[in-house]
Structures are given as structure tokens and as C-alpha cells.
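The values are calculated or read from the model by the stated rules, or taken from the named source; none is laboratory data. Just so you know, these numbers come straight off a predicted model, no measurement behind them. Counting neighbours? That spans all protein chains shown, and the Cβs are built from the backbone with ideal geometry, glycine included. Note: accessible area is taken over every heavy atom of the protein model, side chains too, but ligands, DNA and RNA are not part of it. Shrake-Rupley method; radii C 1.70, N 1.55, O 1.52, S 1.80 Å.
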Amino acid sequence: MEGSPRLRRRVTMEEDKLAEIAIIGGTGLEDLLEGAERVTVGTPYGFPPQISIGDVGGRRVAFLPRHGRRHTTPPHMVNYRANIYALHKIGVDRIIATNAVGAINTGFKPGDLVVPHDLVDFTKGRVSTFYDGSPVTHIDFSEPYCPEIRRLLIEKAEEAGVRVWNRAVYVCTEGPRYETPAEIRIFKMLGCDVVGMTGVPEAVLARELEVCYATLCFVSNMAAGISGRVTSKEVIDASKRVTPKIKKVLMETVKNLPRKRSCPCAQALKEARV
Ligand code: HPA
């Protein structure tokens, strides 16, 4: 919202708990907390887009637009490490992401919401760890998404009367091109249900910092080769239709998250170091 009074400032030092929960907005969700305070957060990995910080039902919530506020950064150029590190730095210990996805599973239809329980990484050129040196660190990724956030996302989507899939395997491709029909056939054989370009390494990096992470995906199109061409127009149009539902589910989830975490995500580094 241009012209609204809004504080802007630069976060230069560690500031405890500017926010406890973050939402990473994908395509169509470039501004969620309209009129909120915006902060610039520096990290050893560079600068993420400005982060908005506001209040949702008494909870301090940060909003980070993954592709920038004007959607100018393509999926393979997103600075995932800066984004996740910046959220961690301002005190966030739970992240809820949103992602547009193509449906590989033909039971899924455009407009459906999906809360994946597992993922497959087919990215090629992304830095996907904070741990490049010693101590050598291998995080467990047997349950890549936070079970506590997933449960609430599903519950709130069902309460909102939206068609939601409560289990799905998300495959992440490098992009920025869409897939070929043969690639989609391979992903189907591998058991993948939906395909997107931004879920990895986001989920990995959050776990490496012991930050809870889950994603609310929406089906914007059938994947390549299933029903004709895939176009960005189709993806954007679908995101516009589904955004009000997504916002509602996100807000209700945020308000109902227990203050104390009771999932295993907070212990991800325990016994992970060599
Ligand atoms: N493929 C990859 N990423 C996507 C798609 C797709 O079909 N739709 C939305 N994001």
C-alpha cells in the first residue's frame, strides 16, 4: 500500500525476537502484512528483500516476499541463505511458506491446496547448506516438514472449506523453465505429486538452523504434458483466485500455533555433527 505511514529501519545488530513466526510469500503473495513496519536485515550471505513485521492475533509475525515485492527475482536466483538466516536473526523459530505448484497427481486440480509431507530435490545449481566447513554437519531430514505446523495448516484449510490434500510429495526443479512431459512422467514414477521451483533449499536451510518449516502449496496448473502448455499467466491468474483463501488459512494457523514448540525441529542439530 503506497503512501501509508510506515516505519522503515535497518537491523544492524542481533535483535532478539522482532518476530516469532514468519511467512514466506511465493507467487501472488508479495504483500501480506500491508502497512506493517519494514526492516532491512543484513546477513553474511547478503541482503534479503525487506521484511515486514506486524501483529496477527497477538503474535509478532514477519513477512518475507521470496521473489521480492515486485516479483523481480526468479526461483534459481533467490538468495535462500540470506532469507532464512535473516528470519532466524530476528528471532523467528517457525516459518510457514507458500508455493505455487503444478499438479503431477491427476487427482489434484488447480485451486486445490496441498500440505506436502515429503520432498524430492532435483535442483542443480543452488547453495543448499549453511555448513560448508567444520564441524561437518548432517541434519536428519526423515521428516522434512514440521509436523506441528502441517497439522494446523490442514485443520485450518478444512475449517475454511477449502479442498486440501494432507499428504503429498513435492519435487523441486531448478527452473526457471517449466518441465518437459518426460520429466513429469519420471517424477510421477518416483511418487511425486506436485512440482515447484522454490521449496528447496528453503526447507533444508530452515532445518539446519532448527527453525520449524512447513509449506502451504496451491495448485496453479496441471504439470507439463498433462493438459497442454504451462504458462506463467495461468500460474498468476490461479494465484489471484486462491490468495484470499490462502491468507485466511495462514492467519488462522498463525493465531493458533502454540507458543511453545513440541515438535522435533528444535533439536535438529543434536547428534548431527561429526
Ligand atoms: N512446474 C514448476 N513450477 C511451478 C509449476 C510447474 O508446473 N507451476 C507453478 N510453479
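Considering segment 54-96 alone, what residues qualify as being in a strand (DSSP E or B) and either surrounded by 20 or more Cβ atoms within 10 Å (Cβ to Cβ) or touching a residue at least 40 places away in the same chain (Cβ under 8 Å) (or both)?
Step one: filter segment 54-96 for residues in a strand (DSSP E or B), giving 54-56, 59-65, 94-96.
If the condition is that a residue be in a strand (DSSP E or B) and either surrounded by 20 or more Cβ atoms within 10 Å (Cβ to Cβ) or touching a residue at least 40 places away in the same chain (Cβ under 8 Å) (or both), then 56, 59, 60, 61, 62, 63, 64, 65, 94, 95, 96 are the ones that fit.
Looking for whichever is within 16 Å of the ligand (Cβ to nearest atom) and in contact with a helix residue (DSSP H, G or I) (Cβ under 7 Å, 6 or more places away or on another chain) here; the options are 198, 180. Which one fits?
After ruling out the rest, the residue left standing is 198.
In segment 183-195, of all residues being of a type in the set (Val, Ile, Thr) and farther than 16 Å from residue 117 by Cα, the one that is nearest to the ligand (Cβ to nearest atom) corresponds to 184.
So residue 113 ticks every box in (1) at pLDDT 95 or above; (2) farther than 23 Å from residue 47 by Cα; (3) surrounded by fewer than 24 Cβ atoms within 10 Å (Cβ to Cβ) but one. Which box is left unticked? Every listed condition holds for residue 113 apart from (3). Tell me whether segment 148-164 contains one or more residues that are touching a residue at least 12 places away in the same chain (Cβ under 8 Å), open to solvent by 50 Å² or more (accessible area, probe 1.4 Å), among the β-branched types (Val, Ile, Thr) and in a loop (DSSP other than H, G, I, E, B). No, every residue in segment 148-164 fails to be touching a residue at least 12 places away in the same chain (Cβ under 8 Å), open to solvent by 50 Å² or more (accessible area, probe 1.4 Å), among the β-branched types (Val, Ile, Thr) and in a loop (DSSP other than H, G, I, E, B).
Residues of segment 209-238 that are assigned to a helix (DSSP H, G or I) and open to solvent by less than 10 Å² (accessible area, probe 1.4 Å): 238 alone. Within segment 209-221, one or more residues are away from the ligand (no atom under 12 Å from the Cβ), farther than 21 Å from residue 32 by Cβ and in contact with a helix residue (DSSP H, G or I) (Cβ under 9 Å, 6 or more places away or on another chain).
Taking the criterion of being open to solvent by less than 70 Å² (accessible area, probe 1.4 Å) and assigned to a loop (DSSP other than H, G, I, E, B), the residues of segment 239-274 that qualify are 257, 258, 261, 263, 268, 269, 272.
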